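The values are calculated or read from the model by the stated rules, or taken from the named source; none is laboratory data. Worth saying up front: this structure is predicted, and the values here are computed from it rather than measured. Cβ coordinates were reconstructed from backbone atoms using ideal geometry, including for glycine residues, and neighbour counts include every protein chain displayed.
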Amino acid sequence: MRRAWCAATVVVAIGVAQAGAVLAYRWVEHTRKARTTAPPFHYERLSPRHAPDVVLAGAGGSRRRLSELRGRPVLLHFWATWCPPCKAELPALLELGRELDREGGVRVVALATDSDWDSVRRFFGGPIPGEVARDESGNAAETFEVSALPDTYLVSADGRLLQRFGGARDWSSEAARALLREMGKQQAP
């Protein structure tokens, strides 16, 4: 009888140990997933004031003012060819911009702060995408109070500053797409 009781105790102890191991494994996996899950696409909400009316110079010599783009929201992205985080994120941002433009939503303008078009042309290794403009005055970043590159501002369809996305972002993420699509819908005329 004593032998059966000992065997039953051992079986119960093994079962309890296995259950404890399963619970510990689940806790570790839950904690790991919580750390690796991408955070929401954070931004700074700005007090809605009119965006500075900067000049956007195109590679082909065209010039337009930011105010001329009213009617649709604009994502104004400040970047430079010498900025490593800018280089890393720009392709995804331009692709997202094309996608949103086809949908009639947010328009992306990537405003290069470089001092000349040659640097920008070398960066792209050929034709400069139409979404890219240059700040020929050299004052746009200062006017927008850009403190570090890259820096991105969402301008409403009626020309008000709404949000600031400081630093490099994963513009290819679903969170970025969802947020900008939603903003495009909210800002539709």
In the set GLY61, GLY71, which member is modelled with pLDDT of 90 or more and either exposed (fewer than 10 other Cβ atoms within 10 Å of the Cβ) or among the charged types (D, E, K, R) (or both)? GLY61
Pick from the stretch 154-169, criterion more than 23 Å from VAL120 (Cβ to Cβ) and assigned to a loop (DSSP other than H, G, I, E, B), ranking: nearest to the chain's Cα centre (by Cα): SER156
Counting residues that are among the aromatic types (Phe, Trp, Tyr) and farther than 20 Å from GLN163 by Cα, which helices (runs of 4 or more DSSP H) fully inside the stretch 49-153 reach at least 2? 117-124
Condition set farther than 25 Å from GLY71 by Cβ and small (Gly, Ala, Ser), scope the stretch 119-131, selection surrounded by the most Cβ atoms within 10 Å (Cβ to Cβ): answer is SER119
Go through (1) in a helix (DSSP H, G or I); (2) touching a Ser or Thr at 6+ places or on another chain (Cβ under 6 Å) for ARG177 and report which single condition fails. (2)
Has the stretch 13-25 got any residue that is modelled with pLDDT of 65 or more, over 14 Å from the mean Cα position of the chain (by Cα) and within 20 Å of ALA176 (Cβ to Cβ)? no
For LEU76, indicate whether it is modelled with pLDDT under 95, surrounded by 17 or more Cβ atoms within 10 Å (Cβ to Cβ), within 18 Å of the chain's Cα centre (by Cα) and hydrophobic (A, V, I, L, M, F, W, C). no
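Okay, residues lined up against (1) over 24 Å from GLU174 (Cα atoms); (2) without any contact (Cβ under 8 Å) to a residue 60 or more places away in the chain; (3) among the hydroxyl-bearing types (Ser, Thr, Tyr):
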residue: PRO91; (1), (2), (3): no, yes, no
residue: GLY104; (1), (2), (3): no, no, no
residue: THR113; (1), (2), (3): yes, yes, yes
residue: SER137; (1), (2), (3): yes, no, yes
residue: GLU142; (1), (2), (3): yes, yes, no
residue: ASP151; (1), (2), (3): no, no, no
Restricting to the stretch 65-89, name every residue that is touching a residue at least 60 places away in the same chain (Cβ under 8 Å) and of a type in the set (D, E, K, R). ARG70, ARG72, GLU89
Sort out which residues of the stretch 132-189 are crowded, with 18+ Cβ neighbours inside 10 Å and of a type in the set (Ser, Thr, Tyr), and write them in order of number. THR152, TYR153, SER156
